[in-house]
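Bear in mind these aren't lab numbers, they're just calculated from the coordinates by the rules spelled out. These numbers were taken from a predicted model, which means no experiment stands behind them. Ideal geometry is used to build each Cβ from the backbone, glycine not excepted, and the neighbour counts take in all protein chains shown.
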Amino acid sequence: MMQAFNMADLSTALPEVVLSLVAMTILTLDFIAPKGRRDWLGYLSVLGVLLTLVVLFRQWGATQSAFSGQYLSDPFALFFKILFLAAASLIILMSIGYLRGEGADRGEFYALILFATLGMMLMASAADLLILYIGLETMSICIYVLAGFLKRDRRSNEAALKYLLMGGFSSAIILYGMVMLYGLTGATGLKEIASALTADTLSNPALILAMVMLAAGFGFKIAAVPFHMYIPDVYEGAPTPITALLSAASEIAGLVILLRVFLVAIPGLQDRWALLFYVLSLLTMTVGNIVAIAQSNIKRMLAYSSIAHIGYLLIGVVAGRELGISATLLYAVVYALMTLGAFAMVILLCVGEVKGERIDDFTGLAQRSPMAAAAMLILLLSLAGVPPTAGFVGKLYLFGAAIERGYIVLALIAVVNSAISLFYYMKVAVAMYMRDLPATGLALSPSRPLRVVLFVTVVGTLAIGIYPGPFLDLARSSIAGLW
């Protein structure tokens, strides 16, 4: 009976098992791969991710639990697992040419991305605080290493050190909040915690403190203001594909566990944590957009842009209910697409001495490559929320959810912030279209996988913007049974 039980658990967690085996296979093959010829390990990693997606799709529509109820495979988890795997495959593709150009073509890079994705998948399926923390640390430790992967680059070393210090600090805060929840309820399961919270416990100051500590800890992970201080430096110093991983996957993973814990474990405090996230949302979107105006480094500009978009995502958390949470899921997909495409454009210009990290590096791009300039313009318009792009549709549903719940001031401030963001996004467009090509010319990366990433992200951005219905329906069906 025990063996059958274990096999059932492994069957439920089969996507994670498959991805783990793929990552370990990549590590093993790296020992025999010739130096300077490891591109095939990147392609093999993408195939492994696609295999994991096939296994994942076979579980669609079913809700299963494993490991004594600590692991949950439900539509909510499957939705984000698909998003994480899709993002991982695109990031690996954009890394192949980048690593060769940086002289850092090593197979462990791809394996670490896969292990980080494994941690995100565990976070999405966590029905228990212990599994949640294991997934969080699995993801974080891998990204600490990846941020400092360019060992001879001082900025990369600085980024890794800052992320390690702030990540460890935030993990400690999260642990303190979890310990207080366990002390108050005697349970680590999310639903068990909710069941154990009585009327007396809900008014206990210790529970409020636990809620605040969890919000602060998760705030570090998603880079919400005022917990965002380390993010611009990490974005600037880390290898660009890892910056994309941080922005499009790691921060979304932090949002996933935030939704799991606050909606499932402490729904009785919703009136209080909704007010807390209301304030965080206002601060995050406003500070992110205003500070982004002054940036000349496009990676730092996108860092503050990402902070602002986290503020938009928190609007859905504040609104709650079906419309608010489904709008958050939809915008998470939109945000990942837009951000991955923008960082792919940075890598496209990363040739030789040019790193593609300054806005001035985009000068004259429309003359050098009209298609590349058009792709970047579409992504920038989507980030600003201009129709008919996916960014407009995502913000429309988020702001609509806030208005429906009576948060009209929050929605109005979000609209103003979107208008502010158009100013700094258009600085890049001005450089591309209204300045002459430098006399030295403008070189573009010849990487074909990178162009595949650009094609997928741009087409996806336009597709969701023009025909969002199926994507919103998918988001709505994915939150069924979450509460």
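What the table shows:
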| quantity | calculated |
| --- | --- |
| For LYS221, LYS191, order by how many other beta-carbon atoms lie within 10 Å, fewest first | LYS191, LYS221 |
| Distribution of pairwise C-alpha distances over region 336-483, 10 Å bins, in % | 11, 35, 31, 16, 7, 1 |
| Sequence-distant residues sharing a close amide H with ARG358 (under 5 Å, placed H) | ILE298 |
| Translational D in µm²/s for region 350-430 (Stokes-Einstein at 10 °C, 1.306 mPa s, Kirkwood Rh from C-alpha pairs) | 111 µm²/s |
| D_trans [Stokes-Einstein, Kirkwood Rh over alpha-carbon pairs] for the chain, 25 °C, 0.890 mPa s, µm² s⁻¹ | 109 µm²/s |
| Normalised convex hull volume, region 102-183, alpha-carbon set, Å³ per residue | 71 Å³ |
| Residue list for region 87-103, given a label point 7 angstrom along the Cα-to-Cβ vector of VAL452 and an amide N cut-off under 19 Å | 87-101 |
| Restraint check, LYS221/LYS299; LYS162/LYS299; LYS35/LYS151; LYS221/LYS427; LYS81/LYS299; LYS81/LYS191, Cα-Cα greater than 23 Å | LYS221/LYS427; LYS81/LYS299 |
| Protection proxy ranking, peptides 461-469, 377-385, average beta carbon neighbours within 10 Å, highest first | 377-385, 461-469 |
| Amide H contacts of VAL225 (H built 1.01 Å from N, under 5 Å, at least 5 apart or other chain) | THR284 |
| Two-decimal Rg/Rh across region 28-178, once Rg and the Kirkwood Rh are taken from alpha-carbon atoms | 1.01 |
| Region 12-265: proportion of alpha-carbon pairs further apart than 28 angstrom, % | 35 percent |
